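Here the structure is laid out as structure tokens; the discussion comes afterwards.
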Amino acid sequence: MSEVYSERFVFHWGVAGWAHYTPPAGRRAVLRNTTLTADLSGSSLLMSINGVWIWRWTSPGVSSAASLQHRITIYAGESLSFYFGDDKTGLSADGFLFHDNALRDEVPLTPEEIEDQWADYVAALE
């Protein structure tokens, strides 16, 4: 049986731009909860797994908050990435980290490749 660890993958507040988490070799992460806050109406937050956008949140008003439950798997080397549209948005993303020795053929994108891939899209949000 695999050992399981509770883990906080990303804790981010007060800086516009990117935050990334990449499970280390021999591990697999399962994102279970995302809690976000925003002090501005219209603040945007985007989430992707290995460069594929899977979720977007826009703050409906001042002092907004949301908590989401997930069951999203991120394999070793893949990036769990968040884009923060301003410096008034914060997030905590947590879940479980498992041992995982399975080999996969896919080549994960680096955080830099993800940022380059989506540069035009996030520029339009600013």
Size of charge dipole - the chain - debye, nearest 20, with Cβ of Lys, Arg +1 and Asp, Glu -1, no other charges: 540 debye
Summed side-chain charge close to A19 - residues other than A19 whose Cβ falls under 14 Å, Lys, Arg +1, Asp, Glu -1: -4
Separation between Cα centres of the range 14-68 and the range 82-117, rounded to whole Å: 10 Å
The chain, Cα convex hull volume normalised per residue, Å³: 93 Å³
Cβ-based exposure ranking for T58, T37, in which fewest neighbours within 10 Å come first: T58, T37
Theoretical ellipticity at 222 nm over the chain - DSSP helices of four or more residues, -39500 (n - 2.57) apiece, nearest 500: -3000 deg cm²/dmol
Taking H12, H99 and counting other C-beta atoms within 10 Å, the order from fewest to most: H99, H12
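Quick note: the coordinates plus some simple rules give every number you see, no bench work behind them. Model, not experiment: these values are computed from the prediction. For neighbour counting, all protein chains shown are included, and Cβ atoms are generated from backbone atoms with ideal geometry for every residue, glycine included.
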